[in-house]
1. State the label only: which of (i) 15.0; (ii) 16.4; (iii) 16.9 corresponds to Kirkwood radius over Cα pairs in Å computed from the shown model?
2. Determine the gain in length on full extension of the stretch residue 115-residue 24; use 0.36 nm per residue of separation and subtract their C-alpha separation, reporting nm with one decimal.
3. Once R0 is set to 41 Å, what does the formula 1/(1 + (r/R0)^6) return for the Cβ-Cβ distance between residue 105 and residue 10, expressed as a FRET efficiency to the nearest 0.05?
4. Nearest 500 deg cm²/dmol is fine: what mean residue ellipticity at 222 nm does the chain get from its DSSP H runs of n ≥ 4 alone, each adding -39,500 (n - 2.57), divided by its residue count?
5. Quick one: compute the contact order of the stretch 36-111, relative version, from alpha carbon pairs under 8 angstrom and 6+ residues apart, as a percent.
6. Run the quick spin-label model on residue 35 and residue 53: label points 7 Å from Cα toward the beta carbon, then report their separation in nm to one decimal.
7. Please compute, over every Cα-Cα pair in the stretch 47-121, the percentage with a separation greater than 15 angstrom.
8. Over the chain, what is the relative contact order in percent, taking alpha-carbon pairs closer than 8 angstrom and at least six residues apart?
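Every number in this text was worked out from the coordinates using simple rules, so none of it is lab data. Quantities reported herein were computed from a predicted structural model and do not represent experimental measurements. Here the Cβ is made from the backbone with ideal geometry for all residues, glycine too, and neighbour counts use every protein chain on show.
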């Protein structure tokens, strides 16, 4: 990092939650506030019976979805459309169309797009004032 000649080097990395590679390289972890709306959505999914750690599993999601009422499915759809989907990603348009129709397979698949909170790390070059 000193070879960059920069005062600061920053990174965002999900893997840093599990592996201290950056910290061993001299970077310092900085805690920050996650998106409160997204965190609230995850808590609501938990209340509906989803295991947040297993949201990456379509099979898990489908097993929970099969037990939900119609109103709960509408709530899951709303969470997906507001928190799990970005209009920037055009490749998801077909999936989102099926989500809007409350297709259970599509809902289960869309939930696998859960965003993992990255860790923010920074290194300050002691040679640059």
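1. Answer label, from the structure shown: (iii).
2. Values: separation 91, 0.36 × 91 = 32.76 nm, distance 2.54 nm.
So the extension gain works out to 30.2 nm.
3. Details: r = 39 Å, r/R0 = 0.96.
The calculated FRET efficiency here is 0.55.
4. Details: 6 runs with 50 residues, N = 129.
Result for the chain: -10500 deg cm²/dmol, rounded to the nearest 500.
5. Values: 57 pairs, mean separation 27.1, N = 76.
For the stretch 36-111, the relative contact order is 36 percent.
6. 2.4
7. Working: 1453 of 2775 pairs.
It works out to 52 percent of all Cα pairs.
8. Values: 135 pairs, mean separation 64.4, N = 129.
Once divided by the residue count of the chain, the mean separation gives 50 percent.
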